[in-house]
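A short write-up of the structure that comes next.
The values are calculated or read from the model by the stated rules, or taken from the named source; none is laboratory data. Not measured: the values here are computed from a predicted model. When we count neighbours, we look across all protein chains shown, and the Cβ atoms used for this are built from the backbone with ideal geometry, even at glycine. In case anyone asks, the SASA skips ligands and DNA or RNA and just uses the protein heavy atoms, side chains included. Shrake-Rupley method; radii C 1.70, N 1.55, O 1.52, S 1.80 Å.
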Amino acid sequence: MLLQPYLHHHKASLSSAISYSRPLPWINRYCALLQSVKYRKITVTCSISQVHSYGTVDYERRPMIKWSSIYRRISLMEKPELGAATVLNQMEKDGKKLTKWELCRVVKELRKFKRHKQALEVYDWMNNREERFRLSASDAAIQLDLIAKVRGVSAAEDFFLRLPETVKDRRIYGALLNAYVRARMREKAESMIDSIRNKGFATHALPFNVMMTLYMNLKEYDKVDMMISEMLEKNIRLDIYSYNIWLSSRGSQGSVERMEQVFEQMKLDTTINPNWTTFSTMATMYIKMGQLDKAEDCLRKVESRITGRDRIPYHYLLSLYGNVGKKEEVYRVWNVYKSSFPNIPNLGYHAIISSLVRMGDIEGAEKLYNEWLPTKTSYDPRIGNLLMGWYVKEGNFDKAESVFDHMAEVGGKPNSSTWEILADGHVREKRISEALSCFKEAFLAEGSKRWKPKPIIVLSFFKLCEEEADMSSKGVLEVWLRQSGYLEDENYASLVGLSKELSNEKDRTGNISDNEESEILLNQLQGSL
């Protein structure tokens, strides 16, 4: 999630049918007035520290409420499918006053915890009340980002085209560039960066950082170096993200020396202070290259650079110490984390349980899972999936089903990976029809567009079908894979045995995902919003 720092801190269908059918809030008398005075830049109203009322006199007489109350009511909805508007309408019906500043602060918090659909619903609610809420270019950039995540890139493109030219500043272009990079649409991303250059918006590091992240994920490391060279030639100052991406790119090429050269150059830049992401990135690279002593040294530096109320570094420490195999350090960091914060979010429990499962400490993982259950605010299926996956691999399918049943009992919604784990269990026990049924549920589950079946599980299913001469079931799964567009990826098609071409990038474990260091950088860039 790479939006520009001017907004807020901190494979979807390309059908254009999903878009705004109503007139955009910017095309009104307010916008016309701005144009008449040669308006050039829209202020970021959401970042104002004071609370402003954009309502009528009647609204100004209503009692004020805190943004956190609005956030809690939205995030803890028993039926989120009803939409955030249900909460907002009820609050106003109860006589509460909702201001733009508070709603934008709610959006910020929802985005922080990846509740993108609900965040977009808040903006939709404000859009339907344009006489009260004047939305800026900053708001438009945030909405574009959310639309891309929730409704797809084509819907974001449609939103972009509907915006008045006077609104399209570098934040808007940067948000669409980010959407292309997230979807790995290389040609469109490269065309967009050219537009950004031509409009004179490429005067700072962010668009270059976004493109470097794309090239790094595509393993085109020479292009990362080219972007760095362009920045240096144009006297565009490298920021902390530029250096961190450059470090990751050099490390991904397997060269300790070249990565360390970048770090030395980084230390010479007096405008840069290496942060925890710098050292977590280097630790990740050192682990991959087998330099565990250097990795542990970097992890100690990560811990020394944790500031304020930032929880995210603890999640990476728990994960990376698990990768190093230092169980005692995982528990030590966990205890420090718990002593620093009164409540630990789902992501924190996911980080430590995941590490313990990887290290084979299933008793510790089960203990923490049982500790999490009474404290959770919502059931995160990814946490239950960790234990289910372990039980299936160990041949204990009954325990995996027990976790699944409990998930349903407490109101948890199985995600695509949950059903895939069950499918894997049925395949191991040679139950074709049950496995196929689970695959079907996986393709239908909410959020399935962000899921891709693990090749090793698909291959095991195909092999079982061939052994049992059940080619019709194999054909059904093939159709689902094709309809979902996965077989258009030649690399993936080869991994599941449906292509004559053999990939040089096969992952025999079936894990096809972004590099871990890329995810760290993406999260850190999101944290700058």
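If I go through segment 184-198 residue by residue, how many of them are of a type in the set (D, E, K, R) and open to solvent by 80 Å² or more (accessible area, probe 1.4 Å)?
Selection size over segment 184-198: 3.
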Residue tally, condition under 26 Å from S75 (Cβ atoms) and open to solvent by 60 Å² or more (accessible area, probe 1.4 Å), over segment 378-404 = 1
Within segment 98-115, how many residues turn out to be closer than 22 Å to R450 by Cβ and open to solvent by 10 Å² or more (accessible area, probe 1.4 Å)?
-> 5
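I need the helices (runs of 4 or more DSSP H) fully contained in segment 195-275, keeping only those with at least 3 residues that are hydrophobic (A, V, I, L, M, F, W, C) and within 22 Å of R184 (Cα to Cα).
206-217, 221-233, 240-252
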Could you please find all residues in segment 361-381 being among the basic types (K, R) and outside any loop (DSSP other than H, G, I, E, B)?
-> K367
For segment 397-418, the count of residues that are within 20 Å of L481 (Cα to Cα), touching a Ser or Thr at 6+ places or on another chain (Cβ under 9 Å) and part of a helix (DSSP H, G or I) equals 1
Under the condition of being in contact with a Lys or Arg (Cβ under 9 Å, 6 or more places away or on another chain) and among the small types (G, A, S), which residue from segment 400-422 is farthest from N385 (Cα to Cα)?
-> S416
Please determine, by comparing only the residues of segment 107-152 that are in a helix (DSSP H, G or I), among the hydrophobic types (A, V, I, L, M, F, W, C) and more than 18 Å from the chain's Cα centre (by Cα), which one is nearest to L177 (Cα to Cα).
-> A140
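Looking only at residues that are among the small types (G, A, S) and in a helix (DSSP H, G or I) in segment 167-194, which one is nearest to D239 (Cα to Cα)?
G174
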Residues (among the aliphatic types (A, V, I, L, M) and open to solvent by 30 Å² or more (accessible area, probe 1.4 Å)) located in segment 256-280 | L268
Residue count for segment 463-496, restricted to those that are among the aliphatic types (A, V, I, L, M), farther than 21 Å from E441 by Cβ and out of contact with any Gly (no Cβ under 9 Å at 6 or more places or on another chain) | 3
Segment 416-462, residues that are open to solvent by less than 50 Å² (accessible area, probe 1.4 Å) and of a type in the set (D, E) = E420, D424
When C465 is run through (1) over 28 Å from K149 (Cβ atoms); (2) open to solvent by 20 Å² or more (accessible area, probe 1.4 Å), the failure sits at (2)
Of the residues in segment 161-180, those that are surrounded by fewer than 20 Cβ atoms within 10 Å (Cβ to Cβ) and hydrophobic (A, V, I, L, M, F, W, C) come to L161, L163
Give me the pairs, please: first residue somewhere in segment 70-91 and open to solvent by 30 Å² or more (accessible area, probe 1.4 Å), second residue anywhere and modelled with pLDDT under 90, beta-carbon distance under 7 Å, and either six or more positions apart or on two chains.
-> L76/T377
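Being in contact with a Ser or Thr (Cβ under 8 Å, 6 or more places away or on another chain), within 30 Å of L317 (Cβ to Cβ) and modelled with pLDDT of 90 or more is the requirement here; does I456 meet it?
yes
Quickly run through segment 491-511 and pick out the residues that are surrounded by 14 or more Cβ atoms within 10 Å (Cβ to Cβ), at pLDDT below 90 and not polar (S, T, N, Q). First the steps, then the outcome.
We begin by selecting, within segment 491-511, every residue surrounded by 14 or more Cβ atoms within 10 Å (Cβ to Cβ); these are 491-496, 498-499, 503, 507, 510.
Filter once more, so that each one left must be at pLDDT below 90: 491, 498-499, 503, 507, 510.
Once the filter is applied, which keeps residues that are surrounded by 14 or more Cβ atoms within 10 Å (Cβ to Cβ), at pLDDT below 90 and not polar (S, T, N, Q), segment 491-511 yields L498, D507, G510.
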Quickly run through segment 199-225 and pick out the residues that are open to solvent by 40 Å² or more (accessible area, probe 1.4 Å) and within 21 Å of R182 (Cβ to Cβ).
-> F201, L218, K219, E220, K223
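Residues checked against (1) in contact with a strand residue (DSSP E or B) (Cβ under 8 Å, 6 or more places away or on another chain); (2) closer than 22 Å to K66 by Cα; (3) at pLDDT below 95:
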position: M91; (1), (2), (3): no, yes, yes
position: F113; (1), (2), (3): no, yes, yes
position: S136; (1), (2), (3): no, no, yes
position: I147; (1), (2), (3): no, no, no
position: V150; (1), (2), (3): no, no, yes
position: F160; (1), (2), (3): no, no, no
position: E190; (1), (2), (3): no, no, no
Name the residues in segment 440-463 that are under 29 Å from the mean Cα position of the chain (by Cα), of a type in the set (A, V, I, L, M, F, W, C) and closer than 22 Å to E394 by Cβ, would you?
-> A442, I456, I457, V458, L459
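Listed here are the residues, each with its yes/no results for (1) open to solvent by less than 10 Å² (accessible area, probe 1.4 Å); (2) farther than 19 Å from A85 by Cα.
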{"site": "K117", "(1), (2)": "no, no"}
{"site": "D124", "(1), (2)": "no, no"}
{"site": "N128", "(1), (2)": "no, no"}
{"site": "D139", "(1), (2)": "yes, no"}
{"site": "A148", "(1), (2)": "no, yes"}
{"site": "G152", "(1), (2)": "yes, yes"}
{"site": "F159", "(1), (2)": "yes, yes"}
